[in-house]
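Comments concern the structure below.
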Amino acid sequence: MMDLMAAVPLMAQADVPQGQVIVQEKTRTQEESGFIHSKEGGRFQVVKVLPKKADNFDQSFDYADAFGVLRVAGIYSDLLDGVDTSTVSVGGQFGFQTASYYGVSARLGAYTSQKVSALTDPDKLNHDFLDENENSFTYIAEANIAYNNELVQVKGGRVRIDTPYADSDDIRMAPNTFEGVWSHFDFTDEWKAQAMYLTRWAGFDSGEDQNEFKKFFENPKSGEMSNGLLGVSLSYVINDVNDISIWYYHVDKMSDIAYAEAAGDIVFSEDLHMEYGLQGSVMLESDNSGVDGEVVGAMALLHYGMVYGGAAFNYAFVDDGNYIVNGFGGGPYYTSLDESTIGFVSEAVPGEDVLSYRLGIGIDFSSWGPQGLLMEYVYGDLESKESAAFSEQDIIVSYEITDKLCLEGTFAHFDIGRSRIELDADEFDRYIVRMDYSF
């Protein structure tokens with residue numbers, strides 16, 4: 001029997017923060033982490049992390065810095081009335097970045113996932129950690145030349161970025177990376193902009209051949225492959241904790257996407273504050289692709305002492321025969337769960353409006369016991385107007401043991417209430433445990 005994940009369109013998941021070494025970071029230092037905070041405000045802002053400076057070309061390599069994330073992970077998926085699958089892998093992300101010479105530096109990184117045969121049943125392999133042939137893999141995921149000064153960052157080659165509809169989504173062994181050119185502009189402390197042109201991508205969300213770079217989209221009507229993605233944005237940051245941003249993407253052969261978001265943090269007292277967000281997206285199809293519709297959403301997350309919780313909703317307005325998408329990664333939507341998103345439901349049942357909501361509660365034990373220990377519970381419900389209803393429950397435990405060592409465990413229960421698409425099981429459970437050592 002086929003695994004459930006092979007019987008439905010790829011479910012692009014929420015981007016769960018990990019202990020990882022990346023050049024791009026958010027503008028404000030996040031006091032909170034964990035799954036529930038993965039869609040908080042300010043997540044698309046970028047600050048400069050400048051490499052060391054070199055006085056000559058040779059020094060740029062002499063002063064190069066190694067980076068890496070050593071990852072050990074296990075996944076077990078039980079279709080309950082079907083076949084269970086599992087895989088244990090060792091791998092991660094490894095590379096180096098040269099020092100900057102006249103503002104120019106280079107970065108090279110390989111992503112790898114090597115299955116542990118002694119702990120993995122070859123007849124019941126889970127393909128999330130493996131390539132399309134269910135084998136281990138290693139590939140060059142990052143390879144770029146960058147230029148940095150006080151105003152601009154520019155990178156060309158294979159780059160790792162995080163934007164609303166193209167992001168890294170580091171949820172398995174291989175985050176998404178993209179081929180092309182990306183740039184970020186700091187006009188003032190408040191006004192920021194990004195511009196990019198991307199042609200191909202690889203990583204977990206890109207398909208079963210996650211270790212191969214491929215075109216973004218194949219038009220189902222014409223069979224033509226997309227030539228790439230052009231994107232621009234403008235953001236206004238208020239007091240480093242509130243921001244308003246607008247984004248535009250043109251995905252060749254697929255759609256034009258306009259996205260806007262207002263998000264931030266309201267502090268009531270030392271112990272009480274609230275994160276909020278409002279978002280809206282409009283997709284206009286290109287070349288009769290079917291990717292067309294509108295999405296609105298809102299979220300609020302209240303913190304009191306060591307406890308936090310909140311709610312979010314999204315609604316997709318879709319005409320006959322069309323559907324909305326997550327883009328290329330986890331997507332920007334507030335109701336994204338560990339497994340399912342509003343984009344997944346819309347792709348599964350085109351032509352129907354979709355409503356989704358998410359409720360969550362978490363405990364941060366840092367002020368009471370172990371520093372960096374979080375426990376969270378999330379419930380989500382996603383329903384189309386007529387044909388589909390899905391629900392999911394997630395339990396997530398994350399523990400930042402040290403600045404470099406992070407442990408995460410996720411349990412997801414996915415239940416299909418109704419669906420017009422044929423599936424091999426009505427529900428499944430999935431367990432993932434990952435340990436990262438970053439250097």
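Any idea how far apart Phe96 and Val397 come out in nm if each label point goes 7 Å out from Cα toward Cβ?
Result for the modelled spin labels: 4.0 nm.
Compare the Cα positions of Ile140, Ser289, Tyr236 along the charge dipole of the chain (+1 at Cβ of Lys, Arg; -1 at Cβ of Asp, Glu; about the Cα centre) and return the one farthest towards the positive end.
Ile140
Return the sequence-ordered ³J(HN,Hα) values of segment 157-174 in whole Hz as given by the Karplus equation 6.51 cos²θ - 1.76 cosθ + 1.60 applied to θ = phi - 60°, using x for Gly and Pro.
Residue by residue, segment 157-174 yields x, 9, 10, 10, 9, 9, 9, x, 10, 8, 8, 7, 6, 7, 10, 10, 9, 10 Hz.
Roll a 1.4 Å probe over the protein heavy atoms and report the accessible area of Asp240 in Å², nearest 10.
Taking all protein chains as shown, Asp240 has close to 80 Å².
Which ³J(HN,Hα) values, rounded to whole Hz and listed in residue order, are derived for segment 343-359 from phi using the Karplus coefficients 6.51, -1.76 and 1.60 in 6.51 cos²θ - 1.76 cosθ + 1.60 with θ = phi - 60°, glycine and proline given as x?
Here the 3J(HN,Hα) series is x, 4, 5, 5, 5, 6, 10, x, x, 10, 4, 10, 10, 9, 9, 9, 10 Hz.
Calculated FRET efficiency, Ser269 and Glu132, Cβ-Cβ r, R0 56 Å, to nearest 0.05?
Details: r = 53 Å, r/R0 = 0.94.
Here the calculated transfer efficiency is 0.60.
Could you pull out every one of the aspartates and glutamates with an alpha carbon less than 13 Å from that of Lys253, ignoring same-chain neighbours closer than 8 positions?
Glu218, Glu224, Glu285, Asp287, Asp292
When the chain is fully extended, how far beyond the present Cα-Cα distance does Ile246 get from Gln59, taking 0.36 nm per residue of separation? Don't jump to the answer; show the numbers that get you there.
Values: separation 187, 0.36 × 187 = 67.32 nm, distance 4.02 nm.
Contour length minus the Cα-Cα distance gives 63.3 nm.
Go through Lys124/Lys385; Lys155/Lys214; Lys53/Lys155; Lys115/Lys214; Lys53/Lys215; Lys115/Lys404 and tell me which ones have a Cα-Cα distance over 26 Å in this structure. Kindly include the intermediate steps, with their values, before the conclusion.
On the way: Lys124/Lys385 36 Å; Lys155/Lys214 19 Å; Lys53/Lys155 17 Å; Lys115/Lys214 24 Å; Lys53/Lys215 36 Å; Lys115/Lys404 23 Å.
Check vs 26 Å cut-off fails for Lys124/Lys385; Lys53/Lys215.
Expressed in nm to one decimal, what extension gain is obtained for the pair Phe317 and Asp353 from 0.36 nm per residue of sequence separation less their Cα-Cα distance?
Values: separation 36, 0.36 × 36 = 12.96 nm, distance 0.49 nm.
Taking Phe317 through Asp353 to full extension adds about 12.5 nm, to one decimal.
Before I look further, what does the chain give for accessible area per residue, probe 1.4 Å, in whole square angstrom? Display every interim value, and only then the final one.
Values: 17910 Å² over 439 residues.
Accessible area per residue, the chain: 41 Å².
Restricting to Cα pairs below 8 Å that are 6+ residues apart, what does the relative contact order work out to for segment 80-178? Please round to a whole percent. Show your work: numbers first, answer last.
Details: 185 pairs, mean separation 25.4, N = 99.
Relative contact order here is 26 percent.
Please give the residues of segment 163-205, grouped as numeric ranges, whose backbone N is less than 18 Å from a label point set 7 Å along the Cα-to-Cβ vector of Asn227.
Residues 179-181, 196-201 qualify, since their backbone N sits under 18 Å from the label point.
In whole percent, and with a 1.4 Å probe on the protein chains, what portion of the accessible area of the chain is carbon and sulfur? Before the final figure, lay out each step's value.
Values: 10150 of 17910 Å².
Here carbon and sulfur together make up 57 percent of the probe-accessible area.
Would you mind pulling out the separation of the Cα centroids of segment 261-282 and segment 306-365, in Å?
Using only Cα atoms, the two centres lie 18 Å from each other.
Check each of the GluC sites (Glu not before Pro) in segment 347-439 and keep only those in coil by DSSP with at most 10 other C-beta atoms within 10 angstrom; list them in order. Present the calculation step by step, with values, prior to reporting the outcome.
Details: sites: Glu347, Glu352, Glu376, Glu383, Glu386, Glu392, Glu400, Glu408, Glu422, Glu427; in loops: Glu352, Glu386, Glu422.
When the GluC sites (Glu not before Pro) of segment 347-439 are filtered for loop state and at most 10 Cβ neighbours within 10 Å, Glu422 remain.
Report the net charge of residues surrounding Asn322, where surrounding means a beta-carbon distance below 9 angstrom and charges are Lys +1, Arg +1, Asp -1, Glu -1.
Numbers: positive: none; negative: Glu285, Asp292, Asp319, Asp320.
Local charge sum for Asn322: -4.
Summing -39500 (n - 2.57) over the DSSP H runs of n ≥ 4 in the chain and dividing by its residue number, what mean residue ellipticity at 222 nm do you reach, to the nearest 500 deg cm²/dmol?
Values: 3 runs with 17 residues, N = 439.
It comes out at -1000 deg cm²/dmol, rounded to the nearest 500.
The values are calculated or read from the model by the stated rules, or taken from the named source; none is laboratory data. Here the structure is a predicted model, which is why all the values come from computation and not from measurement. No Cβ is skipped: glycine too gets one built from the backbone with ideal geometry, and neighbour counts run over all protein chains shown. When the accessible area is computed, the model is the full protein with side chains, heavy atoms only, and any ligands, DNA or RNA have been set aside. Shrake-Rupley method; radii C 1.70, N 1.55, O 1.52, S 1.80 Å.
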